[in-house]
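Q: Before we start, here is the structure in question, set down as structure tokens.
The values are calculated or read from the model by the stated rules, or taken from the named source; none is laboratory data. Predicted model only: the values in this text are computed from it and were never measured. Backbone-built Cβ (ideal geometry, glycine too); neighbour counts: all protein chains shown. To get the accessible areas, we keep the full protein, side chains included, count just its heavy atoms, and leave off ligands, DNA and RNA. Shrake-Rupley method; radii C 1.70, N 1.55, O 1.52, S 1.80 Å.
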Amino acid sequence: MASVARIYARGFHRDFKVYYTHWLPNSELELGVVGVLEGGYLFRPKSTLRDLGIQFDPNADIVPDNSPSPIDFTSKSGVTITTKLAGEVNAQMPSIPQGSAGIKLDFAREASFLIKARESYEPRIRDVIRLEREILELYNAGVWHRNWCVIYSLVKAPYADLVVSETGSSSIELQVTGNAQVQQVQLGDVNLQFAMKRTSGKVLDMRESKNVTPAFQLVGLKRRLFGSVKPGVLKGAWLDAEDAGGAAAEGMPPMYLDVLTGRNPLSE
């Protein structure tokens, strides 16, 4: 039977396509971390580019993101969110007094999840062309493993609320504290605090987490099909399709670096 971590990672990637995740989702990772996709979806760190001898400056080699944006990584199905403002009565939230605002999360599936942050940033590695060249050198030298992948871009949140259901049916009820007259009840806001009032089933409660990296994009080695050049997903990092024929004739290497978007068949 698959672990909650693997089910969570598979569901996360299914819902958010180009993004992968790790366990625990409230722990912190960095750009340039090297790892494998356990079971094809769950990222497990193994090393870093610098530890493997690849030049990587965490300042100069990163394109920063200075424009905050909210994130809402919530299961596309299996999660129901119910809110109430102070003065309202809601029979679905019996543990929240009428004079208080609150929120209830119902999870219908194992490993269904909710990750919310009011602000997040998504920096990325600057020079993928050089990264591809240096990884291929290590691969040809027998140092780099075919199933290794690298965190290329990273969603970072200074503050986030994360909740994952560990059972097939669970729920939590949260009461707003300190500011009962709020006009909008939402998770992921550092200025809005909650007190746990009731739980059912088994829930992994990671609310009020700081400096989290719950999602990231990965690049890994792929093999060219039929000896031709397959254009890469990252614009500017690989040749355009119209140049493919000539490049193949010039003996381009059989492996290339590309963004991972599906289950990695070489994950184990």
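Q: Under unit Cβ charges (Lys, Arg +1; Asp, Glu -1), what dipole magnitude, rounded to 20 debye, does the chain have relative to its Cα centre?
A: Numbers: 30 positive and 30 negative charges, 140 e Å.
Using Cβ point charges on Lys, Arg, Asp and Glu, the chain gives about 680 debye.
Q: Apply the Karplus parameterisation 6.51 cos²θ - 1.76 cosθ + 1.60, with θ equal to phi minus 60°, to every residue of segment 171-176 and state each ³J(HN,Hα) to the nearest whole Hz, in sequence, with x for glycine and proline.
A: Calculated HN-Hα couplings, in order: 7, 9, 10, 10, 10, 5 Hz.
Q: Let me ask something else about it. With every protein chain present, what is the per residue accessible area of the chain (1.4 Å probe, Å²)? Walk me through the numbers on the way to the answer.
A: Numbers: 12950 Å² over 268 residues.
Accessible area per residue, the chain: 48 Å².
Q: I've got another one for you. What residues qualify as long-range amide H neighbours of residue 216, i.e. H under 5 Å apart, gap of 5 or more or another chain, H built at 1.01 Å from N?
A: Amide H neighbours of residue 216: 20, 155.
Q: Tell me, what is the FRET efficiency for residue 198 and residue 76 to the nearest 0.05, using R0 = 22 angstrom and their Cβ-Cβ distance as r? Present the calculation step by step, with values, prior to reporting the outcome.
A: Numbers: r = 26 Å, r/R0 = 1.17.
After rounding to 0.05, the efficiency reads 0.30.
Q: If R₀ is 22 angstrom, what is the calculated FRET efficiency for the pair residue 18 and residue 130, using the beta carbon separation as r and rounding to 0.05? The partial results should precede the final answer.
A: Details: r = 22 Å, r/R0 = 1.00.
After rounding to 0.05, the efficiency reads 0.50.
Q: Residue by residue through segment 198-210, what is 3J(HN,Hα) from phi via Karplus (6.51 cos²θ - 1.76 cosθ + 1.60, θ = phi - 60°)? Round to whole Hz and write x for glycine and proline.
A: 6, 9, 9, x, 10, 10, 8, 9, 10, 5, 6, 7, 10
Q: What FRET efficiency, computed as 1/(1 + (r/R0)^6) with R0 = 41 Å and r the Cβ-Cβ distance, is obtained for residue 208 and residue 63, rounded to the nearest 0.05?
A: Working: r = 30 Å, r/R0 = 0.72.
Efficiency computed from Cβ-Cβ geometry: 0.90.
Q: Also, I was wondering about something else. Computed over the Cα atoms of segment 84-180, what is the ratio Rg over Rh, Rh following Kirkwood? Spell out each step's value before the answer.
A: Working: Rg = 22.5 Å, Rh = 17.8 Å.
Using Cα coordinates only, the ratio equals 1.26.
Q: Using Cα pairs closer than 8 Å and at least 6 residues apart in sequence, work out the relative contact order for segment 79-130, in percent.
A: 36 percent
Q: Pop a pseudo-label 7 angstrom from the Cα along the beta-carbon direction at both residue 92 and residue 224 and give the gap in nm to one decimal.
A: Each label point is offset 7 Å from its Cα along the Cβ direction, giving 5.5 nm.
Q: Of the peptides 60-70, 129-139, how do they stack up when ordered by the mean number of other Cβ atoms within 10 Å, highest first?
A: Per-residue Cβ counts within 10 Å, averaged per peptide and sorted highest first, yield 129-139, 60-70.
Q: Using amide H atoms built 1.01 Å from N in the peptide plane, name the residues 5+ places from residue 46, or on other chains, whose amide H lies under 5 Å from its own.
A: 34, 35, 36
Q: Per DSSP helix of 4 or more residues, -39500 (n - 2.57); summed, then divided by the residues of the chain. What does that give at 222 nm, rounded to the nearest 500?
A: On the way: 3 runs with 32 residues, N = 268.
Calculated at 222 nm, the ellipticity per residue is -3500 deg cm²/dmol.
Q: What list of ³J(HN,Hα) values in whole Hz, one per residue of segment 151-161 in order, does the Karplus curve 6.51 cos²θ - 1.76 cosθ + 1.60 (θ = phi - 60°) give from phi, with Gly and Pro shown as x?
A: 6, 9, 9, 9, 8, 10, 10, x, 8, 7, 10
Q: Among the lysines, select those whose C-alpha is under 18 Å from the C-alpha of residue 197, and discard any that sit fewer than 8 residues away in the same chain.
A: The qualifying lysines are 84, 104.
Q: Next question, about the same structure. Provide, for q = 0.15, 0.17, 0.21 Å⁻¹, the log10 of I(q)/I(0) from a solvent-free Debye sum over equal Cα point scatterers in segment 1-112.
A: -0.86, -0.97, -1.17
Q: Moving on. If you take Kirkwood radius over Cα pairs in Å from the coordinates, which of (1) 18.3; (2) 21.0; (3) 20.4 do you get?
A: Label (3) holds the value from this structure.
Q: Quick one: length gained pulling residue 28 to residue 3 fully straight, 0.36 nm per residue minus the C-alpha distance?
A: Values: separation 25, 0.36 × 25 = 9.00 nm, distance 2.10 nm.
Answer, rounded to one decimal: 6.9 nm.
Q: Percent of accessible area on the chain owned by carbon and sulfur, 1.4 Å probe? Don't jump to the answer; show the numbers that get you there.
A: On the way: 6260 of 12950 Å².
After summing per-atom areas, the C and S share lands at 48 percent.
Q: Quick one: which residues, 5+ away or cross-chain, put their amide H under 5 Å from the amide H of residue 203? H built at 1.01 Å from N.
A: Excluding prolines and chain starts, which carry no amide H, the hits are 166.
Q: If you add up the charges near residue 221, with Lys and Arg at +1 and Asp and Glu at -1, over every other residue whose beta carbon is less than 11 angstrom from its beta carbon, what do you get? Kindly include the intermediate steps, with their values, before the conclusion.
A: Numbers: positive: 146, 222, 223, 224; negative: 132, 258.
Result for the local shell: +2.
Q: Could you tell me the distance between the Cα centroids of segment 136-194 and segment 50-117, to the nearest Å?
A: 7 Å
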